[in-house]
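Novice: Provided herewith is a single structure, encoded as structure tokens, for subsequent inquiry.
Every read-out reported here was derived from the displayed coordinates using simple, explicitly stated rules and does not represent laboratory data. A quick note: this is a predicted structure, and the numbers were derived from the prediction, not measured. Heads up, the Cβs are rebuilt from the backbone with ideal geometry, glycines too, and the neighbour counts pull from every protein chain shown.
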Amino acid sequence: MPSSEERTRQVIETGIRLGVIVLIAWACWGILRPFVMPVAWGLIIAVAIFPLHVKLVAALGGRSRLAVALFAVIGLAILIVPTVMLMTSSVESIQQTHEAYEAGTLHVPPPPAEVAEWPVVGERTYKVWSAASRNLTATIESYGPQLKEFLGTALGAAAGAGGTVLVFVIAILIAAALMANAEPGHAFVRRLATRLAGEDGAAFVELSIATIRSVAQGVLGIALIQAVLAGMGMLAVGVPAAGLWALGVLVLAIVQLPPILILAPIAVYVFSVSATVPAVLFLIWAIAVSFADAFLKPLLLGRGIDVPMLVILLGAIGGMMSAGVIGLFVGAVVLALAYSLFTAWLDAPALDAAGS
């Protein structure tokens, strides 16, 4: 039996080893933490579109590397081209507004009477809008501090949007790399899950894949479609800062709120500055975009996992609060995945029966 001195020495050595391990783990986490969100988003993209990748490989005669390269090029083009267009439109609108203000030719049309009937903000919005239509310079001077604060917030949001686009670019490249190594990666995940969960490990992996695809296609995919369509409509009628409004539509769609909450006031603005025909067409377009999920969800979510929308809502909002816009996407998927795995764990016998 070891003496007290030997036991003390063993405890001290064990403590030192644990301390070194914790220190190394902490250092590794500090180095890898900036890559957590891009890697998570890249993994989600890779899992969500892998069936399409398989079809593309078959169409290209089994040339997997060419399919991955095409995915990377097309994905970056889909991301960068609309972003550049929306940013260019926003910058041009701001420049034109500033030039018109400096030249004294900028005039704000009077608000429609319906604006005063908007809930909560209608009366004050009508008052400020009316004052701006009568004397824009005096209105801007009277709200100088608020406008400075708003502009600072807007510039910070624009900088954050640029960082988000960079994260998306990195995530697409990571997704391409993961798809290029899909088979060994899938085998590794199955081995790890089996090691952690025993015989149910493989079933949990398949459940995770199904959940990720369900949420990515049925929630995030629909939200992106609605945001892009809304942005195209706003660009067509010349709405200032269309890119920022499209981002707002994206946020609302992901948190399961109707985009009409943003598009309706914009439609009122379009009626006040445009001719009747384009304004009516934009209103019809806004309504169609807002309710597009009614027929898109059965197509994209019909074969997916049944995840309560409250779970997705909490994941999207929590993710955005903790990691910005990219967290809006990742948070919804991660929380939905955790919910699916937890409910499957609670109902393990049913999962075993399904797997058999």
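Novice: Could you state the angle between the C-alpha long axis of helix 276-290 and the longest principal axis of the C-alpha atoms of the chain, as a value from 0 to 90 degrees rounded to the nearest 10?
Specialist: Result, in degrees: 20.
Novice: What full-extension length gain, to one decimal in nm, is calculated for residue 20 and residue 272 as 0.36 nm per residue of separation minus the Cα-Cα distance? Intermediate values should be presented prior to the final figure.
Specialist: Values: separation 252, 0.36 × 252 = 90.72 nm, distance 6.70 nm.
Roughly 84.0 nm would be gained on extension.
Novice: Just one of (i) 55, 54, 41; (ii) 64, 60, 47; (iii) 93, 58, 40 is Cα extents along the principal axes in Å calculated from these coordinates, so which is it?
Specialist: (iii)
Novice: Okay, moving on. About the Cα centre, and with charges only on the beta carbon of Lys, Arg (+1) and Asp, Glu (-1), how big is the dipole of the chain? Nearest 20 debye, please.
Specialist: Working: 17 positive and 19 negative charges, 133 e Å.
Result for the chain is approximately 640 debye, rounded to the nearest 20.
Novice: Taking the Cβ of each residue in 200, 347, 293 as the centre, tally the other Cβ atoms inside 10 Å and list the residues starting with the fewest. Working shown, then result.
Specialist: Working: 200 18, 347 12, 293 21.
So the ranking, lowest neighbour count to highest, is 347, 200, 293.
Novice: Add -39500 (n - 2.57) for each DSSP H run of 4 or more in the chain, then divide by its residues: what number comes out at 222 nm, to the nearest 500 deg cm²/dmol?
Specialist: Working: 15 runs with 293 residues, N = 356.
Here the helix-only value at 222 nm equals -28000 deg cm²/dmol.
Novice: Run the paramagnetic zone check for residue 85: 7 angstrom along Cα to Cβ, then residues of the stretch 163-185 with backbone nitrogen under 20 Å.
Specialist: 165-166, 168-169
Novice: Compute the distance in nm between two label points, each set 7 Å from the Cα along the Cα-to-Cβ direction, one at residue 281 and one at residue 147.
Specialist: Going from the residue 281 label point to the residue 147 one covers 3.3 nm.
Novice: Also, quick follow-up: If you stretched the chain out fully between residue 173 and residue 106, how much longer would it get, using 0.36 nm times the residue separation minus the C-alpha to C-alpha distance?
Specialist: Values: separation 67, 0.36 × 67 = 24.12 nm, distance 4.45 nm.
In short, 19.7 nm is gained.
Novice: For the stretch 211-333, what does the alpha-carbon gyration tensor say about shape, rounded, prolate or oblate, given a ≥ b ≥ c as the root eigenvalues, a/c under 1.5 as rounded, and a/b over b/c as prolate? If you can, show how the numbers build up before the last one.
Specialist: On the way: a/c = 2.84, a/b = 1.79, b/c = 1.59.
Judged from the Cα gyration tensor, the stretch 211-333 comes out prolate (a/c at least 1.5, a/b above b/c).
Novice: Kindly express, to the nearest 10 degrees and within the range 0 to 90, the angle between helix 4-32's C-alpha long axis and the longest C-alpha principal axis of the chain.
Specialist: With both axes taken from Cα atoms, the answer is about 30 degrees.
Novice: Helix 242-254 against the longest principal axis of the chain: what's the angle in degrees, Cα atoms only, rounded to the nearest 10?
Specialist: 50
Novice: Next up: Mind checking the full-extension length gain between residue 77 and residue 296? Use 0.36 nm per residue of separation minus the Cα-Cα distance, one decimal, nm.
Specialist: Between residue 77 and residue 296, full extension yields an extra 76.5 nm.
Novice: With r defined as the distance between the Cβ atoms of residue 70 and residue 186 and R0 fixed at 22 Å, what FRET efficiency is calculated, to the nearest 0.05? Please report the intermediate quantities before stating the final value.
Specialist: On the way: r = 21 Å, r/R0 = 0.96.
Approximately 0.55, to the nearest 0.05.
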